[in-house]
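**Q** Once you've had a glance at the structure underneath, I'll fire off some questions.
The values are calculated or read from the model by the stated rules, or taken from the named source; none is laboratory data. Because the structure is predicted, anything quoted here is derived from the model rather than measured. All Cβ positions, glycine included, derive from the backbone under ideal geometry; neighbour counts span all protein chains shown.
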Amino acid sequence: MRILAVVHSDHAGASRFRPSGHELEEWSLPARGVPPERGWDAYMVFGGSMHADQEDRHPWLRDELEWLRGLLERGAPVLGVCLGAQLLARAAGAAVEPLAGGPEIGWYPVERLAADPVLDALPRRFEAFEWHHYTYGLPEGALELARSERATQAFRLGDACWGVQFHPEVAHEQVLAWIEDASDPPPDPEALRTETAAKIGRWNELGRALCDAFVAAAEQR
């Protein structure tokens with residue numbers, strides 16, 4: 001199966017999401033524009049430092065939203081992560097907005113709310129790595145699959161579209177690079193480094209399981 005990984009920055013790519021036995025191509029949308037309409041069997045849309053409503057600063061977001069609407073209309077298998085989830089929600093007609101009370105950065109408890117062929121790869125309750133300033137509303141007809149105390153964390157729209165607000169794809173070195181980014185510093189960098197070193201191994205196991213479950217669901221289509 002051919003999978004397209006849409007990325008928005010050098011530090012927010014597919015990372016641990018590289019399913020074995022399948023061809024994965026990374027596509028930098030800001031650098032190359034929207035991909036061709038067809039050519040892949042499944043799509044993964046990852047994060048970035050920009051926000052889903054900043055098309056005035058990043059005009060390519062308008063084109064990406066239109067491209068995502070095309071994926072949704074075709075029923076193409078697609079998984080959005082963080083910004084990717086927000087963009088999918090917005091493409092489906094939902095609102096995106098800053099998260100009340102400030103960002104979720106670090107490790108947060110998340111609870112799954114419903115059975116699902118992809119999210120069932122995760123425990124009913126788990127600690128997820130988060131790094132987001134925005135949240136999204138649920139698109140009409142979507143099923144909310146997971147929540148943290150302050151925000152929705154996952155949804156399914158139809159039988160081929162999933163969005164997760166947390167970062168199941170993230171690698172240890174990726175987190176360390178984000179911590180060092182002076183433009184978006186975490187509240188307690190040293191504490192986050194220590195906590196991440198202790199938790200990232202198990203989190204990567206869960207992330208790979210989630211990726212494999214999405215690929216399996218996409219193969220069924």
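**Q** Can you name the residue in region 1-26 that is more than 12 Å from M44 (Cβ to Cβ) and without any contact (Cβ under 8 Å) to a residue 24 or more places away in the chain and, of all such residues, is farthest from the chain's Cα centre (by Cα)?
**A** The selected residue is G21.
**Q** Of the numbered conditions (1) exposed (fewer than 15 other Cβ atoms within 10 Å of the Cβ); (2) touching an Asp or Glu at 6+ places or on another chain (Cβ under 8 Å), L138 satisfies every one except a single condition; which is it?
**A** It is condition (1) that L138 fails.
**Q** Name the pairs whose Cβ atoms lie under 9 Å apart, with the first residue in region 184-202 and within 27 Å of H51 (Cβ to Cβ) and of a type in the set (D, E, K, R), the second in a loop (DSSP other than H, G, I, E, B) and at pLDDT 95 or above, and 6 or more positions between them or separate chains?
**A** D184/P103; D184/H133
**Q** So, one more: If I ask for residues that are touching a helix residue (DSSP H, G or I) at 6+ places or on another chain (Cβ under 8 Å) and among the small types (G, A, S), which ones from region 155-210 would you list?
**A** G158, A160, G163, A171, A197, A209
Yes/no matrix, rows are residues, columns are (1) under 29 Å from L176 (Cα atoms); (2) buried (at least 18 other Cβ atoms within 10 Å of the Cβ); (3) in contact with a helix residue (DSSP H, G or I) (Cβ under 9 Å, 6 or more places away or on another chain); (4) of a type in the set (F, W, Y):
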residue	(1), (2), (3), (4)
R69	no, no, yes, no
A100	yes, no, no, no
V110	yes, yes, no, no
D120	yes, no, yes, no
L143	no, no, no, no
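**Q** Which one is farthest from R156 (Cα to Cα), of the residues in region 23-59 that are among the aliphatic types (A, V, I, L, M) and outside any loop (DSSP other than H, G, I, E, B)?
**A** A31
**Q** Follow-up. Out of all the residues in region 147-196, which are among the charged types (D, E, K, R), more than 18 Å from the chain's Cα centre (by Cα) and over 22 Å from R208 (Cα atoms)?
**A** E149, E180, D181, D184, D188, E190
**Q** Restricting to region 145-177, what's the tally of residues that are surrounded by 14 or more Cβ atoms within 10 Å (Cβ to Cβ) and in contact with a His (Cβ under 7 Å, 6 or more places away or on another chain)?
**A** Selection size over region 145-177: 2.
Yes or no, residue by residue, for (1) surrounded by fewer than 11 Cβ atoms within 10 Å (Cβ to Cβ); (2) at pLDDT 95 or above:
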residue: R2; (1), (2): no, yes
residue: V6; (1), (2): no, yes
residue: D10; (1), (2): yes, no
residue: S15; (1), (2): no, no
residue: R18; (1), (2): no, no
residue: S28; (1), (2): no, yes
residue: R32; (1), (2): yes, yes
residue: P35; (1), (2): no, yes
residue: R38; (1), (2): yes, no
